[in-house]
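Here the structure comes first, spelled out in structure tokens, and everything after it is commentary.
The values are calculated or read from the model by the stated rules, or taken from the named source; none is laboratory data. Note that this is a predicted model, so its numbers are computed, not measured. Virtual Cβ from ideal backbone geometry, glycine too; neighbours counted across all protein chains shown.
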Amino acid sequence: MYVVATPIGNLQDLSPRAAQTLGSVARIAAEDTRHSGRLLAHLGLNVPMLSLHDHNEAQRVEQLDRYLAAGEDIALISDAGTPLISDPGFVLVRALRQRGRHIVPVPGPSALITALSAAGLPTDRFTFAGFLPAKPAVRKQALEQWQGHEATLVFYESPHRIVPTLAALSEVMGQREVVLARELTKTFETFLSGTPAELLIQLEEDPNQARGEFVVMVHGAPPRTEQSQHAFSEETLLKTLLAEGVGVKQSAAVAARVFGGRKQSWYARLQAIKSDD
């Protein structure tokens, strides 16, 4: 079985090997057969397809294993990019490998690597977190777990959740540099960078920038020295100031002096904490 990466936008990014593979297999397992049908039509191919998505993947294992046992070659593709990377395929590939089937990767486009290559953030180490949880409280908890990670943090986000996600990043990550990559390899490909608060302003001023699928990249935490390991977090300081009765405006001034950044950003973050309480 071939695991074939397909374009994330620009059809010219499909490799000659990937095109040859799709044209030579007996059938294709696709996340969405209608979507992938347009790619096959572009290539002038008429290969039988069957759907393989999150809701039927486990049930497809036996069927696809029978095809392989009968000597057929199969290609696994997702709607865009490399299968298994926040896309279906893990259950199938793991099961087939355990049965001794030959799995062949056909590398190509991946939104994760594409975004990192042009973001200007450190790439020597990075943590890919897939999609953040949809529920606000759980999403915040997930971000808090990565708050001290020194590696660049990368995750995917949808257009209807990008604004609340940036708000959560502002609350948890503070003034950390964030790069948003949207519509990669497409006509309106865009990279936006700044603090989470600054990016929220950019999206408010130009709502078109909130459209499309996003790769969100967050600069890692500064290296921890022996002294900084015992230092209090931004969140701890802000909540302590409010708990001690310090006004929001004065607390914002203290936070800006201790951690840097603009008072306005700290003010907005303090207001958010106060509202949650």
Only one of Ile103, Ile85, Ile162, Ile77 that is among the aliphatic types (A, V, I, L, M) and in contact with an Asp or Glu (Cβ under 8 Å, 6 or more places away or on another chain): Ile77
Lone unmet requirement of (1) out of contact with any Phe, Trp or Tyr (no Cβ under 9 Å at 6 or more places or on another chain); (2) touching a residue at least 24 places away in the same chain (Cβ under 8 Å) for Arg27: (1)
Filtered residue count, region 176-197, keeping only those that are closer than 24 Å to Trp266 by Cα and surrounded by fewer than 18 Cβ atoms within 10 Å (Cβ to Cβ): 3
Helices (runs of 4 or more DSSP H) contained entirely in region 25-131, each with at least 2 residues that are within 26 Å of Ala181 (Cα to Cα) and within 20 Å of the chain's Cα centre (by Cα): 111-119
Number of the condition not met by Leu84 [criteria: (1) closer than 30 Å to Val216 by Cα; (2) in contact with a Leu (Cβ under 8 Å, 6 or more places away or on another chain)]: (2)
Qualifying position, being at pLDDT 90 or above, on the phi < 0 side of the Ramachandran plot and not assigned by TED's automatic domain parsing to the domain that holds His160, among Gln264, Gln250, Gln227: Gln250
In region 146-170, residue nearest to Ala181 (Cα to Cα) [restricted to those that are surrounded by 15 or more Cβ atoms within 10 Å (Cβ to Cβ) and of a type in the set (D, E, K, R)]: Glu157
Residues located in region 87-114, provided they are touching a Leu at 6+ places or on another chain (Cβ under 8 Å) and among the small types (Gly, Ala, Ser): Gly89, Gly108, Ala111
Every residue from region 245-277 that is out of contact with any Phe, Trp or Tyr (no Cβ under 9 Å at 6 or more places or on another chain), basic (Lys, Arg) and exposed (fewer than 14 other Cβ atoms within 10 Å of the Cβ): Arg257, Lys274
Residue satisfying condition, being at pLDDT 95 or above, in contact with a Pro (Cβ under 6 Å, 6 or more places away or on another chain), over 28 Å from Met217 (Cα atoms) and of a type outside the set (Asp, Glu), within set Arg34, Arg99, Arg27: Arg27
